[in-house]
Amino acid sequence: MYYRFLASIVLLVTAATAQAASIEATIDQGTLVGSTTSGIATFKAIPYAAPPTGTRRWRAPEPPANWSGKRLATDYSAVCMQTPYAGGMFSSPLRPSSEDCLYLNVWTPTLETNAKRAVMVWIHGGGLTRGSGSTPTYDGTELAKKGVVLVTINYRLNTFGYLAHPQLSAESAQKVSGNYGALDQIAALQWVSENIETFGGDPGNVTIFGESAGSWAVNQMAATPLAAGLFHKAIGQSGGHFAPMSELGAPGFTGSSHYDKGQSFLDAAQVKSIAELRAMSASDVLAVFAGSSFPGLSQPTVDGYVFPNHIANLFEAGEQNNVSLIVGSNKDEGANLTIGRQPKSEAAFRAMMTKRIGGLAEELHEVYGTSDDYLQAFLDSYRDGSFTWQMYRWAMLASEKTPDVWRYYFTHTPPGKFAAMGAYHAAEIQYVFNNTAKLGQSDKTANALAESMSDYWVNFAKLGQPFANSKDAPEWPRFSAESQAYMEFGDEVIAKTNLLDANMKVIDKMMEQRWQTAGGGN
């Protein structure tokens with residue numbers, strides 16, 4: 001248990017900051033004791049679902065229990081079961097991990113129940129295998145100061161969040177399994193819908209946003225009918241699902257079904273039944289996942305219930321949840337994601353591409369200028385295939401149903417020890433949260449950009465249109481198939497058009513070929 005129950009608390013902080021005092025909020029589950037500093041009230045580790053332990057392991061989330069007395073809500077919960085990052089830019093202070101992890105955190109400028117503040121719900125990244133809502137970069141204080149209610153969540157990860165197996169499906173009322181992480185996210189949004197007024201929020205004005213796997217999650221919430229009406233705007237930062245997905249019982253593009261992958265996991269765990277797997281400790285289950293290769297076992301699957309079809313197909317058919325949208329990606333996404341996987345020569349890169357895309361390889365080499373700088377060509381093609389095109393495709397398909405689509409491209413190099421990697425994957429998050437100064441990666445340009453980007457995000461959440469509060473900030477034009485407009489967030493903020501147009505055309509062909517190989521066609 002990671003909580004201490006106290007009737008009241010007064011936290012003394014350093015002389016450089018204001019004193020934090022206790023504050024209470026009562027929801028249907030019971031009374032919470034949070035803290036308030038500089039006008040922002042914070043409530044941490046609020047349970048939005050019952051602990052997914054014991055027989056609840058690999059089942060849809062269930063409602064949380066009520067409590068009596070007062071529940072201390074001044075520290076984060078345990079993170080969901082995961083193998084921590086070994087180090088580097090994605091590592092953060094270690095916290096206990098546990099299956100009992102389905103909690104969320106709230107930052108709010110007011111507890112007036114009729115305040116009707118816009119709500120922003122952040123879904124963390126980490127490849128659906130790591131991460132939590134308590135990562136320091138996601139501290140919601142600065143966004144709350146701009147007038148929104150900010151929520152961060154945990155959700156089940158890796159095999160705890162995505163294992164599918166016929167035995168699990170047989171238990172389910174819908175006769176499906178897997179996608180528990182997505183069901184957790186839906187449960188968190190349901191909690192927000194039912195409780196956020198207590199924290200001054202408007203359940204009718206909820207924006208979901210996330211980066212990397214968090215952006216995958218935003219894309220998933222935009223696709224699943226189970227999340228309809230639970231949010232009204234969406235922001236995807238470097239992540240979408242417009243490639244073929246795995247399916248429950250049918251062979252997918254990886255050559256095996258999600259059921260096959262689940263059975264492989266049972267085999268690796270040396271058990272014959274889900275009951276035996278549930279009897280294993282959470283750490284032992286995680287060790288099986290961490291010690292073997294299970295491609296796709298930490299990914300969503302087409303199950304006919306959470307996802308009635310491939311997400312790409314749902315968007316193609318215009319069957320997604322139709323909400324206003326911001327999507328975008330970064331200039332140097334591959335700099336920190338391909339370390340140890342970069343080709344050693346131009347010949348090696350050419351061989352890699354020929355193996356992957358056959359006859360399209362030469363067209364790719366021509367567009368990316370391989371002979372000029374093969375390593376940069378590799379990084380740029382990785383960036384575009386994994387991120388730029390996904391966000392481009394999302395914007396294209398969404399703009400067929402709504403004119404309220406905006407696209408961005410982040411090109412700023414954050415100051416500090418990772419500056420050599422440029423506008424790397426996840427570099428924009430601290431700017432979106434206006435936390436550059438707090439995280440020690442700031443200078444005058446970075447802080448100004450953080451102020452501007454957080455304005456655009458907050459005003460989109462509040463009013464449905466992204467703009468900055470400075471009179472000198474440029475207008476962000478809407479994206480359409482005709483305009484191909486986007487905003488570049490670099491050392492300057494500039495509206496432009498036709499981002500990497502030639503690159504997108506060749507990636508279009510690559511993805512079409514991938515769908516044909518998968519036998520799906522979108």
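Tell me, please, whether a residue that is among the β-branched types (Val, Ile, Thr), assigned to a strand (DSSP E or B), at pLDDT 95 or above and closer than 23 Å to residue 187 by Cα can be found in the range 16-26. For the range 16-26, residues among the β-branched types (Val, Ile, Thr), assigned to a strand (DSSP E or B), at pLDDT 95 or above and closer than 23 Å to residue 187 by Cα: present.
Considering only residues in the range 478-495 that are touching a strand residue (DSSP E or B) at 6+ places or on another chain (Cβ under 6 Å) and part of a strand (DSSP E or B), the one that is farthest from residue 389 (Cα to Cα) turns out to be 494.
Could you figure out which of (1) at pLDDT below 95; (2) part of a helix (DSSP H, G or I); (3) not aromatic (Phe, Trp, Tyr) isn't true of residue 449? Condition not satisfied by residue 449: (1).
Residue 418 meets each of the listed conditions (1) buried (at least 19 other Cβ atoms within 10 Å of the Cβ); (2) closer than 23 Å to residue 452 by Cα apart from (1). For the range 268-279, the condition of being crowded, with 16+ Cβ neighbours inside 10 Å and either in contact with a strand residue (DSSP E or B) (Cβ under 9 Å, 6 or more places away or on another chain) or under 30 Å from residue 462 (Cα atoms) (or both) holds for none of the residues.
Among the residues of the range 444-462, those identified as free of Cβ contacts under 8 Å to residues at least 40 places away in the same chain, out of contact with any helix residue (DSSP H, G or I) (no Cβ under 6 Å at 6 or more places or on another chain) and surrounded by fewer than 20 Cβ atoms within 10 Å (Cβ to Cβ) are 444, 448, 451.
Looking only at the range 353-379, which residues are closer than 22 Å to residue 335 by Cβ and of a type in the set (Asp, Glu)? Matches in the range 353-379: 372, 373. Count of the range 474-491 residues, restricted to those that are charged (D, E, K, R) and within 26 Å of the chain's Cα centre (by Cα), is 3. Out of all the residues in the range 294-313, is one or more assigned to a strand (DSSP E or B), out of contact with any helix residue (DSSP H, G or I) (no Cβ under 6 Å at 6 or more places or on another chain) and crowded, with 19+ Cβ neighbours inside 10 Å? Within the range 294-313, one or more residues are assigned to a strand (DSSP E or B), out of contact with any helix residue (DSSP H, G or I) (no Cβ under 6 Å at 6 or more places or on another chain) and crowded, with 19+ Cβ neighbours inside 10 Å. Within the range 159-171, restricting attention to residues that are touching a residue at least 12 places away in the same chain (Cβ under 8 Å), among the hydrophobic types (A, V, I, L, M, F, W, C) and in a helix (DSSP H, G or I), the residue that is nearest to residue 41 (Cα to Cα) is 160. Of all residues in the range 151-167, none satisfies being surrounded by fewer than 21 Cβ atoms within 10 Å (Cβ to Cβ), of a type in the set (Gly, Ala, Ser) and either more than 25 Å from residue 195 (Cβ to Cβ) or more than 16 Å from the chain's Cα centre (by Cα) (or both).
Residue by residue, here is whether (1) of a type in the set (Asp, Glu); (2) under 19 Å from residue 508 (Cα atoms); (3) modelled with pLDDT of 95 or more; (4) surrounded by fewer than 20 Cβ atoms within 10 Å (Cβ to Cβ) holds:
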{"residue": "316", "(1), (2), (3), (4)": "yes, yes, yes, yes"}
{"residue": "319", "(1), (2), (3), (4)": "yes, no, yes, yes"}
{"residue": "372", "(1), (2), (3), (4)": "yes, no, no, yes"}
{"residue": "403", "(1), (2), (3), (4)": "no, no, yes, yes"}
{"residue": "411", "(1), (2), (3), (4)": "no, no, yes, yes"}
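Take the conditions (1) among the β-branched types (Val, Ile, Thr); (2) under 19 Å from residue 81 (Cβ atoms); (3) crowded, with 24+ Cβ neighbours inside 10 Å; residue 121 misses just one of them, which is (2). Among the criteria (1) on the phi < 0 side of the Ramachandran plot; (2) out of contact with any Asp or Glu (no Cβ under 7 Å at 6 or more places or on another chain); (3) not basic (Lys, Arg), the one residue 494 does not fulfil is (2).
For the range 138-158, enumerate the residues that are part of a helix (DSSP H, G or I) and not β-branched (Val, Ile, Thr). Of everything in the range 138-158, those that are part of a helix (DSSP H, G or I) and not β-branched (Val, Ile, Thr) turn out to be 138, 142, 143, 144, 145, 158. State all residues of the range 284-321 that are in contact (Cβ under 8 Å) with a residue 24 or more places away in the chain and among the hydroxyl-bearing types (Ser, Thr, Tyr); if no residue qualifies, say none. Once the filter is applied, which keeps residues that are in contact (Cβ under 8 Å) with a residue 24 or more places away in the chain and among the hydroxyl-bearing types (Ser, Thr, Tyr), the range 284-321 yields 292, 298, 301, 305.
The values are calculated or read from the model by the stated rules, or taken from the named source; none is laboratory data. What you see is a predicted model; the values in this text were computed from it and never measured. Glycine gets a Cβ as well: all are built from the backbone with ideal geometry, and neighbour counts include every protein chain shown.
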